[in-house]
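None of the figures in this text is laboratory data; all of them are computed from the coordinates on show. Since we're looking at a predicted model, the values are computed, not measured. Here the Cβ positions follow ideal geometry from the backbone for every residue, glycine too, while neighbour counts run over all protein chains shown.
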Amino acid sequence: MHPDPVPPAAGTAGDEPRLTVAAAARRLGVAPATLRTWDRRYGMGPGEHRPGRHRRYSPDDLARLELMQHALLRGASPADAAGYARAARLPRPGGDAADRPRPLPAVPREEGTPGPDVGGPVLLADDTGDGQAATRVRVGGHVLRLPGAGRAARGLGRAALALDAAAVRGGLREAVERGGVAHAWDEVARPVLVSVARRWADSGAGVEIEHLVSECVIGVFGRHAAEAPAPVSPRPVLLAGMPAEQHTLPLVVLAAALADRRVESTSLGSNLPLDALVAAVRRTAPAAVVLWAQMPATADVEVLRALPRTRPRFRTYVAGPGWTGVALPPRITWLGSLRDAERELVATVLV
Ligand code: B12
């Protein structure tokens, strides 16, 4: 898809389409928040600003941003990249094409349209061998496979590979704003996490990317939950990782989804010791308890049996791939997806 060109404002050179922040961001394959940051911190915003109008990027502004992006991807600091881009002489229209800075390819119009390889972020079509077109995101020499992923996930993948935390956060925030928490997790963040992990499993590389994306997920979804309207649920949902379980991102996201439904949750994070879990259940009088096990080793039914009986009672749920194939004690329900969990918990809590 093309970025939406904005018709030239009256009184400007008629042949120079100007782009909004969103359209310029799409053209460059970065989050709008990244462009705003580059503007605020490094003075890389639109050159011309006319009172009473939104700021728009001219072709020259875009060319400078592309130069900045090139420099960043080659390892320059943001400040140095911005300085380089500002100082560069841009070719005039009609000048010798060979003198022009090589523009980064825009995000391809169609899924699977290969872009030219200029060393910047490129999306490539790829045959997975099962007849399905897969999309790979590449930054520098790093490649991330994102089969069937949409534009937002590909943008997030690029930002993640570039270890650009501001862009990852911006991409996540934008996805939440556009499509809601479940969309941002299931269609944007999760494919990237799964792909990063697959890359790690195949090559042993990229744990730093996994950590960076995890931190950004915790930051963005955590903040979303904190800023939600006051809850109306009479009792909270208690969310905790099983003892010895380090993976709890889905619970952070679940807390954000519940907050949007005005359901209060109490998050106890990862690796909660059993006695602490028991104490928390007694003290918070939850309507429901959700225990996440990512790893089979942490999916221990003895923990479920050790939970205290309280009045009023609470319902116990387990979630995460660790529980697959585990015979659960009676009245314990397994939650298979974020959307299912949200639906089930809202029904349980908001009775
Ligand atoms: C993020 C992550 C981390 C983060 C965790 C941060 C945090 N605070 O949670 C960090 C960096 C700390 C980490 C560390 C490690 N990790 Co890790 N990690 C992951 C990763 C990428 C995502 C985990 C996650 O959130 N999964 C949730 C979503 C993204 O995936 P899913 O579980 O498959 O989703 C399914 C369901 O769970 C469900 N679902 C999804 N979301 C939701 C939400 C709700 C509410 C519900 C109910 C359901 C649901 O839908 C999906 C389809 O069924 C996974 C890869 C993966 N594919 O999961 C590896 C992964 C789990 N890690 C792995 C490993 C080995 C480790 C480490 C041991 C080594 C390492 N990679 O550094 C360490 C140490 C951890 C430890 N001591 O236990 C392996 C586990 C292999 C195994 N089964 O034994 C995985 C699978 C990576 C891999 N390819 O090998 N990790």
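Full extension of the chain between A87 and L274 yields a length gain of 61.3 nm, computed as 0.36 nm times the residue separation minus the alpha carbon distance.
Mind checking the full-extension length gain between A285 and R41? Use 0.36 nm per residue of separation minus the Cα-Cα distance, one decimal, nm.
Values: separation 244, 0.36 × 244 = 87.84 nm, distance 4.68 nm.
Taking 0.36 nm per residue and subtracting the Cα distance, the gain is 83.2 nm.
Averaging 1/r over every pair of different alpha carbons in region 279-334 and inverting the result gives a Kirkwood radius of 11.7 Å.
For R151 and M295, what does the FRET efficiency come to when R0 = 30 Å and r is the distance between their Cβ atoms, rounded to the nearest 0.05?
On the way: r = 32 Å, r/R0 = 1.08.
My answer for the efficiency is 0.40.
Rounded to the nearest whole Hz, the Karplus-based 3J(HN,Hα) values (6.51 cos²θ - 1.76 cosθ + 1.60, θ = phi - 60°) of region 330-339 follow the sequence x, 6, 10, 10, 8, 9, x, 8, 4, 5, with x at glycine and proline.
Given a cut-off of under 8 Å on Cα pairs at least six residues apart, what relative contact order in percent is computed for region 176-255?
Answer for region 176-255 is 28 percent.
Label-to-label distance, E187 versus W200, with points set 7 angstrom from Cα along the beta-carbon direction: 2.7 nm. Placing a label point 7 Å from the Cα of T266 along the Cα-to-Cβ line, the residues of region 320-351 whose backbone N sits under 19 Å from it are 345-346, 348-351.
Once you have the alpha carbon radius of gyration of region 256-308, what is it after dividing by 2.2 N^0.38 Å, with N set to its residue count?
Output field value: 1.22.
Between the C-alpha center of region 311-351 and that of region 134-176 there is a gap of 31 Å.
In whole percents, the pair-distance distribution calculated for region 230-349 from its alpha-carbon pairs, binned every 5 Å from zero, is 2, 12, 26, 26, 22, 10, 2, 0.
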